[in-house]
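The values are calculated or read from the model by the stated rules, or taken from the named source; none is laboratory data. Everything quoted here is computed from the prediction, not taken from an experiment. Cβ atoms come from the backbone with ideal geometry, glycine included; neighbour counts cover every protein chain shown.
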Amino acid sequence: MTKIKICGLRRPEDAAYANSCLPDYAGFVFADSKRQIDGETAKRLREALDPRIETVGVFVNQPVEFVAELFRQGVIGLIQLHGDEDEEYRERLRALIPVRIIQAVGVGEALPILPTGPDYLLFDKATPRRGGSGRAFDWRVLEQYEGGPFFLAGGLDLENVEAAIRLLRPYCVDVSTGVETDGRKDAGQMEAFVNLVRRIH
């Protein structure tokens with residue numbers, strides 16, 4: 001069954017909504033973004049979240065020690081890298097903490113050269129701001145992908161997620177904008193999204 005990640009939690013209400021529908025993962029954005037939060041906010045959200053929900057920290061070219069400390073504090077359980085982080089960066093991180101790493105890959109009209117070493121790849125629409133555009137890419141590009149389990153992001157919502165899953169069978173679908181109303185998480189959309197994905201076989 002495809003797993004579900006709801007990214008960009010910022011408010012206590014967001015944690016409450018997540019507890020109600022229980023996605024597999026919840027994402028905290030520490031990179032420069034309209035959804036960016038600081039460590040203290042993330043810590044409070046982690047404490048408010050159901051322990052069955054794994055937390056993912058989203059970073060762009062940030063210091064290894066900053067990332068590692070959030071993991072050590074139990075604020076995040078997985079790390080999602082959206083910048084220019086290379087194999088050396090990932091090795092430095094793994095030397096500090098025993099963490100699973102998701103590496104984001106921006107997809108345009110063709111599948112780019114893919115990094116080796118991350119536990120998971122995350123495919124998102126290629127944009128200058130490195131994801132978070134709320135727009136989809138042409139999923140058919142991934143039909144040639146023959147690697148391991150991956151996260152699918154970029155413009156997923158209630159209207160298209162079923163088609164995406166049936167075409168690509170991703171390990172996990174990653175949604176943010178697609179479960180928001182006026183830039184804020186929407187409890188009804190979050191619940192509907194989770195219920196829809198869990199009905200797909």
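Structure values in brief
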quantity	calculated
Any pair with Cβ under 9 angstrom, 6 or more apart, that starts in the stretch 48-69 at a residue that is farther than 18 Å from Asp84 by Cβ and ends at one that is part of a strand (DSSP E or B) and aromatic (Phe, Trp, Tyr)	Ile53/Tyr25; Glu54/Tyr25; Thr55/Tyr25; Thr55/Phe28; Val56/Tyr25; Val56/Phe28
Which numbered condition Ala26 misses (of (1) buried (at least 21 other Cβ atoms within 10 Å of the Cβ); (2) within 24 Å of Gly188 (Cβ to Cβ); (3) in contact (Cβ under 8 Å) with a residue 40 or more places away in the chain)	(3)
The listed residue being of a type in the set (Gly, Ala, Ser) and either modelled with pLDDT of 95 or more or in contact with a Pro (Cβ under 8 Å, 6 or more places away or on another chain) (or both), out of Gly106, Gly83	Gly106
Conditions (1) touching a residue at least 24 places away in the same chain (Cβ under 8 Å); (2) surrounded by fewer than 16 Cβ atoms within 10 Å (Cβ to Cβ); (3) outside any helix (DSSP H, G or I); (4) of a type outside the set (S, T, N, Q): number failed by Glu159	(1)
Enumeration of residues in the stretch 173-193 that are of a type outside the set (Lys, Arg) and surrounded by fewer than 22 Cβ atoms within 10 Å (Cβ to Cβ)	Thr177, Glu180, Thr181, Asp182, Gly183, Asp186, Ala187, Gly188, Gln189, Glu191, Ala192
Residue satisfying all of: in the stretch 96-121; part of a loop (DSSP other than H, G, I, E, B) and touching a Leu at 6+ places or on another chain (Cβ under 9 Å); surrounded by the most Cβ atoms within 10 Å (Cβ to Cβ) among these	Pro118
Some residue of the stretch 126-134 being farther than 18 Å from Arg35 by Cα, crowded, with 19+ Cβ neighbours inside 10 Å and not basic (Lys, Arg)	no
Residue satisfying condition, being among the acidic types (Asp, Glu) and surrounded by 14 or more Cβ atoms within 10 Å (Cβ to Cβ), within set Glu85, Glu13, Glu40	Glu85
Leading residue by the ranking (nearest to Pro23 (Cα to Cα)) among those in the stretch 162-201 that are in contact (Cβ under 8 Å) with a residue 24 or more places away in the chain and of a type in the set (Val, Ile, Thr)	Val194
Asp32 vs. criteria at pLDDT below 95 and within 24 Å of Asp182 (Cα to Cα)	yes
In the stretch 1-26, the residues that are small (Gly, Ala, Ser), closer than 15 Å to Val194 by Cα and under 14 Å from the mean Cα position of the chain (by Cα)	Ala26
